[in-house]
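Heads up, the thing below is written out as structure tokens.
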Ligand code: BES
Ligand code: ZN
Ligand code: ZN
């Protein structure tokens, strides 16, 4: 999509113009309605009756002077609400969009939030236009917003023009990565092996100028990544261990070093502790953490963020055959610590244990964050509205919470009290991989991970099982959300340098 910028509104008959409208005293702002009425030749009073500008309210106004898509912002619009509304509109009202489109701020073109909300709108529209037709023999019609000739004209005040250009660029970069990781997460298991994840990572690194190294099974064995190898034991596909590194330009001689670790289970059958079949197909999304890490690496490199970012993705599927790891097996790990396997479905923590100790020992990041679709327990606790956050660093937790509030990719903190760790004590090994208790599963999983962080002082674990894959407007069933990139980029942009 090509973007153009204007400071005064010039309507064109064949375009669809999105007009964001604020609320004032519980009604659509009068000045905007009057302006709209005069542009479109409609009656202002009637328009005021028909459209209240409630958050997310949508009203298509078709006139010989063009199509105006009125978007209600409410009185205090948030990035997230606007993003969600736009995503839904683009997905459900595709027919209203022309290849020539625009976002026109009319009399609110100086609004302090106009730039950020423009970014939310573009992100929402472009994600809403996404579809999952990859494997259909008859391809669905291309959404007007995604046609090669499509363009979008942003109409905003002179004052905000430069900021708007930057915001539009950021929206595009983030959105492209979100779409790519959604395609990865949505890919079925037979089209997504560890090798494919590694290939994606290597291509992204080559394209955007960061470093990628992929360890094959031989190297993984040599390095002693026994957690990853144990999960891979029942699989027909070899594992991969992906290491990515981007180093930006320091500002004031300082370059914060951040380590991201993502769970890359390409399909989770549960192993011998096999899952019930009803929802097993959703387990193609068990690499949502890996996808978030890969997408964030790409965006950080493209935005040239002033950080040093290391991304690590251990990847395998969790399958069943005669060689599969068994409950009662005791395995070693990259850290040297031994693990008693109680439940082979608690596999994510085994591969993350290796990823985390590798990251801490070989890269020593100042901040360590892992993302994983780790437990059903976190979904039972928080549903689809927030990731479960665990951290031993209050300041880091606070910064992630703020980034979540700002982007709508919310997180909610749960405790890491010592007592929860007692559940993970093993009689035969250093730790066991499942407490055996039907309580506090997300927390005991986090305690297991903590055991492999070498007491890193600034670590956060995000259990994204409920937010990486869910109800989305572009799909009838559950599908990838693209969660994580916006949250992490917002967090890293806010780092003090
Ligand atoms: N991949 C699952 C967690 C999951 C559940 C992700 C639902 C997305 C949606 C994970 O590997 C798993 O199976 N966890 C078990 C752990 C248990 C055996 C200790 C769980 O949560 O039931
Ligand atoms: Zn599992
Ligand atoms: Zn899993």
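Scanning segment 239-271 for residues that are more than 20 Å from residue 293 (Cβ to Cβ) and surrounded by fewer than 18 Cβ atoms within 10 Å (Cβ to Cβ) turns up 249, 250, 251, 252, 253, 254. Take residue 345 and tell me if it is within 16 Å of ligand 2 (Cβ to nearest atom), under 21 Å from residue 469 (Cβ atoms) and part of a loop (DSSP other than H, G, I, E, B). For residue 345, the condition - within 16 Å of ligand 2 (Cβ to nearest atom), under 21 Å from residue 469 (Cβ atoms) and part of a loop (DSSP other than H, G, I, E, B) - is met. The condition of being surrounded by fewer than 17 Cβ atoms within 10 Å (Cβ to Cβ) and touching a helix residue (DSSP H, G or I) at 6+ places or on another chain (Cβ under 7 Å) does not hold for residue 92. Of the residues 370, 317, 343, 354, the single one that is more than 27 Å from residue 295 (Cβ to Cβ) and either at pLDDT 95 or above or within 16 Å of ligand 3 (Cβ to nearest atom) (or both) is 343.
Of the listed requirements (1) surrounded by 16 or more Cβ atoms within 10 Å (Cβ to Cβ); (2) within 25 Å of the chain's Cα centre (by Cα), residue 166 misses just one: (1).
Which of the residues belonging to segment 267-279 are within 11 Å of ligand 3 (Cβ to nearest atom) and without any contact (Cβ under 8 Å) to a residue 60 or more places away in the chain? Residue satisfying the conditions is 269 alone. Could you tell me which of the residues 146, 161 is out of contact with any helix residue (DSSP H, G or I) (no Cβ under 6 Å at 6 or more places or on another chain), surrounded by fewer than 22 Cβ atoms within 10 Å (Cβ to Cβ) and farther than 25 Å from residue 305 by Cα? Of 146, 161, the one residue that is out of contact with any helix residue (DSSP H, G or I) (no Cβ under 6 Å at 6 or more places or on another chain), surrounded by fewer than 22 Cβ atoms within 10 Å (Cβ to Cβ) and farther than 25 Å from residue 305 by Cα is 146. Kindly establish whether residue 264 is touching a residue at least 40 places away in the same chain (Cβ under 8 Å), within 16 Å of ligand 2 (Cβ to nearest atom) and touching a helix residue (DSSP H, G or I) at 6+ places or on another chain (Cβ under 6 Å). Spelling it out, residue 264 is indeed touching a residue at least 40 places away in the same chain (Cβ under 8 Å), within 16 Å of ligand 2 (Cβ to nearest atom) and touching a helix residue (DSSP H, G or I) at 6+ places or on another chain (Cβ under 6 Å).
A quick yes/no check of all residues on (1) in contact with a helix residue (DSSP H, G or I) (Cβ under 8 Å, 6 or more places away or on another chain); (2) under 22 Å from residue 236 (Cβ atoms); (3) part of a loop (DSSP other than H, G, I, E, B):
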site: 290; (1), (2), (3): yes, yes, no
site: 295; (1), (2), (3): yes, no, no
site: 301; (1), (2), (3): yes, no, no
site: 305; (1), (2), (3): yes, no, yes
site: 310; (1), (2), (3): yes, no, no
site: 315; (1), (2), (3): yes, yes, no
site: 321; (1), (2), (3): no, yes, yes
site: 324; (1), (2), (3): no, yes, yes
site: 327; (1), (2), (3): no, yes, yes
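Contact annotation: residue pairs with Cβ atoms under 6 Å, 6 or more positions apart or on different chains, pairing a residue in segment 342-360 that is in contact (Cβ under 8 Å) with a residue 60 or more places away in the chain and farther than 13 Å from residue 327 by Cβ with a partner that is within 8 Å of ligand 1 (Cβ to nearest atom) and assigned to a helix (DSSP H, G or I), are 349/445. The condition of being touching a residue at least 40 places away in the same chain (Cβ under 8 Å), part of a helix (DSSP H, G or I) and surrounded by fewer than 20 Cβ atoms within 10 Å (Cβ to Cβ) does not hold for residue 492.
The values are calculated or read from the model by the stated rules, or taken from the named source; none is laboratory data. What you are looking at is a predicted structure, and each value in this text was computed from that prediction instead of being measured. Counting neighbours? That spans all protein chains shown, and the Cβs are built from the backbone with ideal geometry, glycine included.
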